[in-house]
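Following: one structure in C-alpha cells, then a few remarks.
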Amino acid sequence: MLVELKATEIAVPTPSIFDPVSTPALAIRELSFLVLGISAIIFVVVAAVAAYTLVRFRSRPGDARREPPQIYGSTQVEVAWTVVPFLIVVVLFLVTARYIYAIERRAMPAGALEVTVVGNQWWWEIRYPRLGIVTANELHVPVSDPARPTPTFVTLQSADVIHSFWVPQLAGKMDVIPNKTNRVWIDPRAPGTYVGQCAEYCGTQHAWMLLEVIVHPRDEFDRWVAAQQTPAVADPTVSAGRELFLSLSCINCHTVRGTPANGVFGPDLTHLMSRRTIAAGAAPNTRQALRAWVDAPGVIKPGVLMPQMKLAQNELNELTAYLLTLR
Ligand code: CUA
C-alpha cells in the first residue's frame, strides 16, 4: 500500500536543459553548446593524434628493444601547449562572464510578477507578497510573451539549511542560503508544467523537494490568483473535522486563512486541495494518501518534521474529510 502511495502515481516529465522555454535557460543552452563544441574539437584533435601515434609508432616485430629518443626542452612545443589551452580558457571565461552578466543585470520590468520562494526541510514555501497568496511546492506564473514580457522575479530565502532552486527548463541553479537573499528570474514563453528539484543536498529527504512551475495563459493565471485569494471554504458538513483540527497542535505549524490556524512552520493549507501532491511530491494529494500522511507522516517521508499525532481512526476520518474541503 505504501508503494502505491509513492511517486508511481505522480507522473513528472524529466526536465532537460536542452529543452529551454525561458530566456536564462535559452542563454545557458547556447553557452553549453559553445562549450560542448570547443570540447568536442579538442577531443577529436587529441583522440586523432593519440590514435595516429598508437598506430604509427607501435611496436613491430624486429624492432630494437631499446628506449626511443627522448626530447627535452623544446621551447616551441612547450609554448604551444601552454598558450593554446590558456587562450581557450580565457575565451570560455569571457564568454561565460558575459552570459552571467547579461542574465543577472536584467532589471525588473513594470509588468513583472514578484514571488518569494523559501526553502524548507523538505518543501518549498511560495509567497506572492503583492497578491496576498501563500502556497507550497507549486509555483504558478503567467506565460511571458516576448513581445509583451511578464517575467517572474523570484526572491530566494531559506528557513533552515542550504537548498538549491533549479528548474532546468527555465533558469540556472541558484543556491537558497540562510540569512542571504538570492534572486532568479524566469520568463516562460509557453504554458505547461516545468519540473524542478532541490539541487543541493539538504538532509535525508533532499530527494523529495519536488518543485513544479505551472505556467498559465494570462487569463487562466488571473483566475488562479482570484481562487487562491479567497479565504478557506467553511463547509458545515465537516465541522467536526474542523473543530478537531483547530483543537490540535496542527494550527501551530499550518495556516488556514479565516480560521485561528496561523502557523508558519509548515505549508499553508488554505487551498491544500488545489495542489497535486503532498509532502513536496512524496505522495499524490488524494484522500487515501492524505489520511495515511496525517496518520504517520514519517512512513511516507522518513525524517519529516511533521509529528505523528496519534489520532484515533474516527478522528483521522474526520480530519481527512475536513482537509478534503480545503479547495
Ligand atoms: Cu533542499 Cu536539497
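Just a few scattered comments:
- Take each peptide in 27-36, 68-77, count the other Cβ atoms within 10 Å of every residue, and average; sorted highest first, the result is 27-36, 68-77.
- Principal-axis tilt of helix 23-56 within the chain, Cα atoms, nearest 10 degrees: 30
- Local electrostatic count, R105, Cβ distance below 12 Å [Lys/Arg +1, Asp/Glu -1]: +2
- In this simple spin-label model, placing a label point 7 Å from the Cα along the Cα-to-Cβ direction at both A240 and S274 gives a separation of 3.0 nm.
- Local electrostatic count at L170 - Lys and Arg +1, Asp and Glu -1, tallied over other residues with Cβ under 13 Å: 0
- For the chain, built as a Gaussian network whose Cα springs stay under 10 Å, the top-fluctuating residue of A279, A261, A48: A48
- Binned Cα-Cα distances of region 52-96, short to long, each 10 Å bin given as a whole percent: 19, 27, 27, 19, 7, 1
- Rounded to 5, the percent of DSSP beta bridges in region 1-158 classed as antiparallel: 60
- Extending 7 Å from the Cα toward the beta-carbon at both E114 and T286 defines two label points whose distance is 4.1 nm.
- Positive dipole terminus of region 1-131, leading residue within P69, A80, L26 (C-beta point charges): P69
- Calculated P(r) of region 62-208 - Cα pairs past 27 Å, %: 42
- Rolling a 1.4 Å probe over the protein heavy atoms leaves E114 with an accessible area of roughly 60 Å².
- Each residue of region 185-192 is assigned a 3J(HN,Hα), and the resulting list reads 9, 9, 9, x, 8, 9, x, x Hz, derived from the Karplus form 6.51 cos²θ - 1.76 cosθ + 1.60 (θ = phi - 60°), x at Gly and Pro.
- Cα-based convex hull volume of region 188-284 per residue, rounded to whole Å³: 132
- Computed over the chain: relative contact order in percent, which uses C-alpha pairs under 8 Å that are six or more apart: 18
- The fraction of accessible area contributed by carbon and sulfur in the chain is 63 percent, rounded to a whole number (1.4 Å probe; ligands and nucleic acids excluded).
- When each of the peptides 89-98, 242-251, 315-324 is scored by how many other beta carbons lie within 10 Å of its residues on average, the order from highest to lowest is 315-324, 242-251, 89-98.
- Integer Hz, Karplus 6.51/-1.76/1.60 couplings in order for region 130-147, x for Gly and Pro: 7, 9, x, 10, 10, 9, 9, 6, 10, 9, 9, 9, x, 5, 10, 6, x, 6
- Estimated distance in nm for a label pair at A51 and V84, the labels positioned 7 Å out from Cα along Cα-to-Cβ: 1.8
- Applying the Karplus relation 6.51 cos²θ - 1.76 cosθ + 1.60 with θ = phi - 60° to region 114-125 yields 3J(HN,Hα) values of 9, 9, 10, 10, 10, x, 10, 7, 9, 6, 10, 8 Hz, where x marks Gly and Pro.
- Computed on the chain, the Cα convex hull volume stands at 203 Å³ per residue.
- Using a probe of 1.4 angstrom and keeping all protein chains present, the accessible surface of the chain works out to 55 square angstrom per residue.
- Calculated FRET value between A227 and R189, using beta carbons and R₀ = 35 Å, to 0.05: 0.90
- Protection proxy ranking of 287-297, 175-185, 55-65, 102-112, by the mean of other Cβ atoms within 10 Å over each peptide's residues and highest first, is 287-297, 175-185, 102-112, 55-65.
- On the beta carbon distance between L26 and S249, with R0 = 51 Å, the FRET formula returns roughly 0.60.
The values are calculated or read from the model by the stated rules, or taken from the named source; none is laboratory data. This one's a predicted model, so the numbers in the text were calculated from it and none came from an experiment. All Cβ positions, glycine included, derive from the backbone under ideal geometry; neighbour counts span all protein chains shown. What goes into the accessible areas is simple: the full protein's heavy atoms, side chains included, and nothing from ligands, DNA or RNA. Shrake-Rupley method; radii C 1.70, N 1.55, O 1.52, S 1.80 Å.
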